[in-house]
Amino acid sequence: GRYAEGIELLERAYAARPHPSVLFNIARARVANGQLDTAIENFEQYLESDPSDAAPVREMIGDLRMRIALRNTVDDGMRAIRAGRHAEGIALLSRAYERRPHANLLFNIARAKEDAGELDGALDTYRRYLETKPADAARVMERVAQLLAKRDAATTARADVRSHAPSARTSPEHPKEP
């Protein structure tokens, strides 16, 4: 949308003739434009007019503050993952998901687990993501199939190594105890 232009026009209207409803509309436009901090300020200014809808507006402000905190948690988690601190990033994204479930968080958690080599955890989280019926389901199902093949190959390789490794009990360096 053209929110920036609309906000500018509303601000001009408010400067020419201040009215609480215009301030309220500026705040709503800022929310729609992703300017949550400034929207909170505008809503708080609106509340100074002692409007009849003060209770839902206060609730909206609380929700916006929670959204800001969640956005910060997600941003911190993504930064940690990019820095190679996968466990930290997964924990932060998981905390955000617990507070407000969103499919994109599941996808990012799955990717981080995959990058960290946690194939079973990644597969489980991708499956949970697919339960949300995302638009990219076909692509994610292909990724799941690749991970299953990778996991199965690794399991087979470990089994081969174990079956060909000398037993510690029969090794000359490790004689049996009496």
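The values are calculated or read from the model by the stated rules, or taken from the named source; none is laboratory data. Owing to the predicted nature of the structure, the values given are computational and were not obtained by experimental measurement. Quick reminder, even Gly has a Cβ in these numbers, built from the backbone with ideal geometry, and neighbours come from all protein chains shown. In case anyone asks, the SASA skips ligands and DNA or RNA and just uses the protein heavy atoms, side chains included. Shrake-Rupley method; radii C 1.70, N 1.55, O 1.52, S 1.80 Å.
General remarks:
- When residue 139 is tested against (1) at pLDDT 95 or above; (2) assigned to a helix (DSSP H, G or I); (3) open to solvent by less than 90 Å² (accessible area, probe 1.4 Å), only condition (3) is not met.
- Flag for residue 85 being among the basic types (Lys, Arg), under 14 Å from the mean Cα position of the chain (by Cα) and open to solvent by 60 Å² or more (accessible area, probe 1.4 Å): no
- Within region 1-58, the set of residues being open to solvent by less than 70 Å² (accessible area, probe 1.4 Å) and outside any helix (DSSP H, G or I) comprises 33, 34, 35, 49, 51, 53.
- Of all the listed residues (60, 78, 66), the sole one being farther than 30 Å from residue 152 by Cα, of a type outside the set (Lys, Arg) and within 20 Å of the chain's Cα centre (by Cα) is 66.
- Residues of region 112-136 classified as under 16 Å from residue 94 (Cα atoms) and either touching a Gly at 6+ places or on another chain (Cβ under 6 Å) or open to solvent by 100 Å² or more (accessible area, probe 1.4 Å) (or both), total: 3
- Here residue 90 clears all of (1) under 30 Å from residue 150 (Cβ atoms); (2) surrounded by fewer than 15 Cβ atoms within 10 Å (Cβ to Cβ) except the condition numbered (2).
- For region 59-77, the tally of residues that are in contact with a helix residue (DSSP H, G or I) (Cβ under 7 Å, 6 or more places away or on another chain) and open to solvent by less than 80 Å² (accessible area, probe 1.4 Å) stands at 9.
- For region 142-153, the set of residues classified as open to solvent by less than 70 Å² (accessible area, probe 1.4 Å) and under 21 Å from residue 104 (Cβ atoms) consists of 144, 147, listed by residue number.
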